[in-house]
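Trainee: Submitted below is the structure of interest, expressed as structure tokens.
The values are calculated or read from the model by the stated rules, or taken from the named source; none is laboratory data. A quick note: this is a predicted structure, and the numbers were derived from the prediction, not measured. When we count neighbours, we look across all protein chains shown, and the Cβ atoms used for this are built from the backbone with ideal geometry, even at glycine. Protein only, heavy atoms only, side chains kept; ligands, DNA and RNA dropped before computing areas. Shrake-Rupley method; radii C 1.70, N 1.55, O 1.52, S 1.80 Å.
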Amino acid sequence: MNKLFNKFMRRVISFFANNDLAQELTGGVSGEMMITPGMPELIRAAGAEGCILLANNGVLPLDATTTVSVFGRVQRDYFYVGYGSGGDVRTPYQVNLIEGLRNNGKIKLNEDLAAIYEVWCSKNEADQGFWGHWPRYYPEMPLKEEVVKAAADRSDVAIIVIGRAAGEDRENVLKKGSYYLTDNEIKMLDLVTANFNKVIVIINSGNIIDMAWTEKYGDKLSSILFAWQGGMESGNAIADVLAGTVNPCGKLTDTIARRYEDYPSGAFFGNKEGNNYVEDIFVGYRYFETFAPNKVLYPFGFGLSYTTFKIACSDVSREKDEVILKVHVANTGNLPGKEIVQVYCSTPQGKLGKPAKVLVAFDKTELLSPGKSAEVMIKFNIKQLASYDDSGVTGKKSAYILEPGNYEILLGNSVRETIKVWELTIALDELEVISRGEGVMNSSLGVRGNAGALGGVTESLRAKGIPAVITTDGPAGIRVKKTCSLLPCGTLLACTWNTKLIQDIFHKVGEEMLDKGSDMILSPGMNIHRNPLCGRNFEYYSEDPLISGKIAAAAIIGIQHDGLSACPKHFACNNQETNRNYNDSRVSERALREIYLKGFEIVVKEANPQNIMTSYNKINGVWSHYSYELVTSVLRGEWGYQGNVITDWWMRYASSPEFPQIEGNAYRVRAQVDVLMPGGRTALSKNGKNDGTLLKTYGKKDGITLGEMQRVAANILKYVMNSSAMDR
Ligand code: BGC
């Protein structure tokens, strides 16, 4: 009755849907059932290559002398595809499993058993249902033990085929006959595994179904082949795999979890009103490999072969944004086969949180004979490694972000079986940005006439709570486009020998800074009066380092209140203006230590300046803004300076003699000169654009490291966080 109703409904629906009934009533289908030349071969090849061999203890491929008994009605009533618009194709023909085995010729079939199924199936024709009410399975032939025993007497190997279908407008369900096996199917497994030593299970289903029972039967199942639904050539394709005409070379494109409940979407599927995608990006293997590797029965990318392969990475290189892997794949087994080389990336956790592994590229070899090998070249763009920031947590909302850190490139033949072959280190351009000023004097971020800004010089940095620090000159008072007190020149101030008075004056300068909007005053100037002709002697204090140091210390202590800061300059030996950017101060270490550095040592130890400005000139051949010895060894190492070091305005570009591949900003950052001021390459740069020199060697041998960039960022941020800019 039910069947009749379904038949009636099919007619009604097809009439309204596409008027096929009219065609059928008036003489059949329109046009000839044409077979596109070459198509069957391609479909057959795909049908075989897409099969996944999940387990095999050597029974497959079938021996030509072996007779097989096939159990399960799906051998005849095969599911070639799913239902609805995704499957409803008027096929010219279709080859079921039993026909495919017969067509193959290499496989001997227990025809007695096949006849039993044929008779039963023709008497119990499968009901095809109608739109949205399609069958999920066909009721299995109740199997009698004597039938199984008789088959076991006649044949060596049993094949059990289990079929499932799903379709448009209708889900699979967590019921027997859909996601789970039916009682009859379990009975069939029990009977067949009890009577045969060699049992092959074939799953004919477009969806993953519960496979937990494969663990229960364990070794009793010799081979498991997930054959999906192979279209009109299904039976031929599977027979090709069973007979070894085609060596299985498909790999799972889904994870088969141990239990349905293990899927992260498990509890959030099928609700009528809506479903919360609580797993977010952690779909499939992205979830299992990250959080629950033990819940996996068969991992993503997995699939066995009748042969074995060795996969080795022979070379990895990077060309611009492209990573290129050369992979050597050797067939180390005894049968020809194809292997799928898979490349995954393990990305740094960062702020966004990442899956343990993400597939980034793959390639499949041609058919490799035993002993033969192939070179596979796999490329991917590093943009593929990026994550999308939808919340703005990285400071770059609504954009794909490559978070800084190490990106491990993994090579293998499933998501589980991988080895690390390379590591790509990516800096977050914010580490680059923070190590230079905004780019111009008179920054729009501060009071007019300022000398430039540092710290939060981009919107993304400011979004993180890092303010822009405004710098202003100078030794004779605040140099901005507002009225400020003009102080006596430096030499006069020093000639007072009155440190208390100097401190009071500069305390008032600090009050003016608060009022005018300056966070850092580029003062005091404290180079030594080496020669009376030096154009900037008036800014400086003395030919003596002690008086220079003490007066400067008094000025610094006066300035540094309420988060305001001084910036003693120019460190060191800026004792003439002629060709000041290129001039080399050739000086003995003794003179350096006793005369030219001494005043700076005094201020560092007595006044704790928050900033120090390097000089324009070279000292004994090395520009001070590149001098590791000056800034890291002496200033920070020997004197214990913990503040921020900035360049004088625009530095000279050069490469390091010790590490010739690093130049410009990388050379500077390695020396721990924290900020290029005011940013940009020259005064004409007009903005603080990344000149590329800091990151050029990042991640390369002897190149600038993440640690070095983080070290200067820490120096800068420590200063900025205690500065008056935080309060503004
Ligand atoms: C001077 C520094 C000054 C900077 C900003 C440079 O030319 O040498 O002393 O602070 O400009 O105006």
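Trainee: I want the local charge near Gly446. Using Cβ-Cβ distances under 12 Å, sum +1 for each Lys or Arg and -1 for each Asp or Glu among the other residues. Please report the intermediate quantities before stating the final value.
Mentor: Numbers: positive: Arg448, Lys481, Lys482, Lys516, Arg728; negative: Glu438, Asp519.
So the environment of Gly446 carries a net charge of +3.
Trainee: Further question on the same structure: Determine the shape class of segment 443-727: with a ≥ b ≥ c the square roots of the Cα gyration tensor eigenvalues, call it rounded for a/c under 1.5, and otherwise prolate if a/b is greater than b/c, oblate otherwise.
Mentor: Values: a/c = 1.69, a/b = 1.17, b/c = 1.45.
Oblate is the answer for segment 443-727, as a/c is 1.5 or above yet b/c matches or exceeds a/b.
Trainee: Now for a different question. Choose one of Cys567, Ile595, Ala553: the residue whose Cα lies farthest towards the positive end of the charge dipole of segment 542-615 (beta-carbon charges +1 Lys, Arg; -1 Asp, Glu; about the Cα centre).
Mentor: Value computed over the given set: Ile595.
Trainee: Sticking with this structure for a sec: Roughly how much of Thr255 is accessible, in Å² to the nearest 10, using a 1.4 Å probe?
Mentor: Accessible surface of Thr255 is approximately 10 Å².
Trainee: I would also like to ask the following. Under the rule a/c < 1.5 gives rounded, and otherwise a/b versus b/c splits prolate from oblate, where does the chain land using the Cα gyration tensor?
Mentor: Values: a/c = 3.97, a/b = 2.98, b/c = 1.33.
Prolate.
Trainee: In whole Hz, what ³J(HN,Hα) sequence does segment 407-423 give by Karplus (6.51, -1.76, 1.60; θ = phi - 60°), x for Gly and Pro?
Mentor: So the Karplus estimates, Gly and Pro as x, are 9, 8, 9, 10, 10, x, 10, 6, 5, 7, 9, 9, 10, 6, 10, 6, 9 Hz.
Trainee: Pop out the carbon and sulfur fraction of the accessible area of the chain as a percent, whole number, probe 1.4 Å. Before the final figure, lay out the partial values.
Mentor: Values: 17270 of 32950 Å².
Looking at the chain in its full context, I get 52 percent from C and S.
Trainee: Can you tell me, using C-alpha contacts under 8 Å and at least 6 residues apart, the relative contact order of the chain as a whole percent?
Mentor: On the way: 1605 pairs, mean separation 64.1, N = 728.
Contact order relative to length: 9 percent.
Trainee: Moving on. Would you mind computing, in nm to one decimal, how far apart the modelled labels at Tyr388 and Glu629 are, each placed 7 Å from Cα along Cα→Cβ?
Mentor: Going from the Tyr388 label point to the Glu629 one covers 5.5 nm.
Trainee: To continue, here is another question. For Lys354, which lysines qualify as cross-link partners when the Cα separation must be under 25 Å and same-chain residues fewer than eight apart are set aside?
Mentor: Output for Lys354: Lys251, Lys295, Lys320, Lys379, Lys383, Lys396, Lys397, Lys420, Lys464, Lys700.
Trainee: Now for a separate question. Enumerate the lysines that Lys108 could reach by cross-link, defined here as Cα to Cα under 20 Å, with residues fewer than 8 away along the same chain left out.
Mentor: The qualifying lysines are Lys149, Lys198.
Trainee: Considering Cα pairs under 8 angstrom that are at least six residues apart, work out the relative contact order of segment 443-727 and quote it in whole percent. Present the calculation step by step, with values, prior to reporting the outcome.
Mentor: Numbers: 619 pairs, mean separation 44.9, N = 285.
Relative contact order of segment 443-727: 16 percent.
Trainee: Could the peptides 400-407, 644-651 be put in order, highest first, of the mean number of other beta-carbon atoms found within 10 Å of their residues?
Mentor: On the way: 400-407: 18.2, 644-651: 24.0.
Output ranking for 400-407, 644-651: 644-651, 400-407.
Trainee: Between Lys718 and Ala45, what is the FRET efficiency for a Förster distance of 60 Å, r being their Cβ-Cβ separation, to the nearest 0.05? Before the final figure, lay out the partial values.
Mentor: Details: r = 64 Å, r/R0 = 1.07.
FRET efficiency, Lys718 to Ala45: 0.40.
Trainee: Can you tell me the length gained on complete extension of the stretch Ser373 to Glu273, counting 0.36 nm per residue apart and subtracting the Cα distance? Could you put the intermediate results ahead of the total?
Mentor: Details: separation 100, 0.36 × 100 = 36.00 nm, distance 5.41 nm.
Residue separation times 0.36 nm, minus the Cα-Cα distance, leaves 30.6 nm.
Trainee: Which whole-Hz couplings ³J(HN,Hα) result when phi for each residue of segment 104-111 is put into the Karplus expression 6.51 cos²θ - 1.76 cosθ + 1.60, θ = phi - 60°, listed in order with x for Gly and Pro?
Mentor: Ordered by residue, 3J(HN,Hα) equals 4, x, 8, 10, 8, 10, 7, 5 Hz.
Trainee: In terms of solvent-accessible area of protein heavy atoms at a 1.4 angstrom probe, what is the ranking of Asp584, Asp63, Asp519, highest value first? Please list the in-between numbers first.
Mentor: Working: Asp584 40, Asp63 85, Asp519 0 Å².
Ranked list, largest accessible area first: Asp63, Asp584, Asp519.
Trainee: Oh, and also: Charges on Cβ only, +1 for Lys and Arg, -1 for Asp and Glu, centred on the Cα centroid of the chain; of Val147, Ala48, Phe79, which one is farthest towards the dipole's positive end?
Mentor: Ala48
Trainee: Quick one: putting +1 on the C-beta of Lys and Arg, -1 on the C-beta of Asp and Glu, what dipole do you get for the chain around its Cα centre, in Debye to the nearest 20? All intermediate terms of the calculation are to be shown ahead of the outcome.
Mentor: Working: 80 positive and 82 negative charges, 272 e Å.
It comes to approximately 1300 debye.
Trainee: Then there's this: About its Cα centre, what dipole magnitude does segment 175-262 give when the only charges are +1 on Lys and Arg Cβ and -1 on Asp and Glu Cβ, stated in debye to the nearest 20? Mind showing how you got there, number by number?
Mentor: Numbers: 9 positive and 11 negative charges, 28 e Å.
Using only the charged Cβ atoms, the result is roughly 140 debye.
Trainee: Which value in deg cm²/dmol, rounded to the nearest 500, describes the helix-derived mean residue ellipticity at 222 nm for the chain, given -39,500 (n - 2.57) per DSSP H run of n ≥ 4 and division by the residue count? Walk me through the numbers before you get to the answer.
Mentor: Values: 18 runs with 185 residues, N = 728.
Counting only the DSSP helices, I get -7500 deg cm²/dmol.
Trainee: In addition: Near the amide H of Thr182, under 5 Å away, which other amide H atoms are found, from residues 5 or more places off or on another chain, if H is placed in the peptide plane?
Mentor: For Thr182, whose amide H was placed from the backbone, the distant partners under 5 Å are Gly177.
Trainee: Out of residues 5 or more away from Ala55 or on other chains, whose amide H comes under 5 Å of its own, with H placed 1.01 Å from N in the peptide plane?
Mentor: Ile224
Trainee: Counting pairs of alpha carbon atoms under 8 Å apart in space and at least six apart in sequence, what relative contact order in percent does segment 309-437 give? Before the final figure, lay out each step's value.
Mentor: Numbers: 276 pairs, mean separation 31.6, N = 129.
The normalised contact order for segment 309-437 reaches 25 percent.
Trainee: A follow-up question, please. If each residue of separation counts as 0.36 nm, what is the full-extension length gain between Lys216 and Asn103 once their alpha-carbon separation is subtracted? Let's see the in-between values first.
Mentor: Working: separation 113, 0.36 × 113 = 40.68 nm, distance 3.37 nm.
Full-extension gain reported as 37.3 nm.
Trainee: Please report the net charge: other residues with Cβ closer than 11 Å to the Cβ of Ser85, K and R +1, D and E -1.
Mentor: Its environment carries a net charge of -3.
Trainee: Does a label point 7 Å from the Cα of Glu118, set along Cα-to-beta-carbon, have any residues of segment 208-247 with amide nitrogen under 18 Å, and which are they?
Mentor: 235-236
Trainee: Enter the accessible area per residue of the chain (Å², integer; probe 1.4 Å; all protein chains in place). Can you show the working numbers first?
Mentor: Values: 32950 Å² over 728 residues.
The answer is 45 Å² per residue.
Trainee: How far apart, in nm, are two points set 7 Å out from the Cα along the Cα-to-Cβ line at Asn442 and at Glu606?
Mentor: Rounded to a tenth, the inter-label distance reads 3.9 nm.
Trainee: Then there is this: Please work out the Cα center distance from segment 233-293 to segment 440-466, rounded to the nearest Å.
Mentor: 51
Trainee: Hey, another quick one. Just want the answer: with Cβ charges of +1 for Lys and Arg and -1 for Asp and Glu, which residue in Tyr698, Thr65, Gly350 is farthest toward the dipole's positive end in the chain?
Mentor: Tyr698
Trainee: Could I ask something else about it? Students often forget the sequence filter, so: which lysines lie under 27 Å Cα-Cα from Lys481 once same-chain residues fewer than 8 apart are removed?
Mentor: Hits, sequence-local ones excluded: Lys508, Lys516, Lys569, Lys686, Lys689.
Trainee: OK, next. Give me the number: length gained by fully extending Asp88 to Arg462, i.e. 0.36 nm times residue separation minus the C-alpha to C-alpha distance, one decimal in nm.
Mentor: Details: separation 374, 0.36 × 374 = 134.64 nm, distance 5.73 nm.
Result for the pair: 128.9 nm of gain on full extension.
Trainee: Given a Förster distance of 22 angstrom, what is the FRET efficiency for Gln349 paired with Thr425, based on the Cβ-Cβ distance and rounded to 0.05? Provide the component values of the computation, followed by the final result.
Mentor: Details: r = 15 Å, r/R0 = 0.66.
In this case the efficiency is close to 0.90.
Trainee: Let me ask something else. From the phi angles alone, apply the Karplus equation (6.51, -1.76, 1.60; θ = phi - 60°) to segment 171-178 and give each ³J(HN,Hα) in whole Hz, x where the residue is Gly or Pro.
Mentor: With the stated coefficients, segment 171-178 comes to 7, 6, 10, 7, 9, 4, x, 10 Hz.
Trainee: Given the C-alpha centroids of segment 145-200 and segment 662-684, what is the distance between them in whole angstrom?
Mentor: Spelled out, the Cα-based centre of one part sits 72 Å from the other.
Trainee: Can you pull the one-decimal nm distance between simple spin-label points at Gln710 and Asn294, each 7 Å off the Cα toward Cβ?
Mentor: Placing both labels 7 Å along Cα→Cβ, they lie 3.2 nm apart.
Trainee: List the residues whose amide H sits under 5 Å from the amide H of Ala399, counting only those 5 or more places along or on another chain, with H placed 1.01 Å from N in the peptide plane.
Mentor: Asp389
Trainee: Kindly state, to the nearest 0.05, the FRET efficiency for Tyr260 paired with Glu111, given R0 = 51 Å and r defined as their beta-carbon distance.
Mentor: Numbers: r = 38 Å, r/R0 = 0.75.
Efficiency computed from Cβ-Cβ geometry: 0.85.
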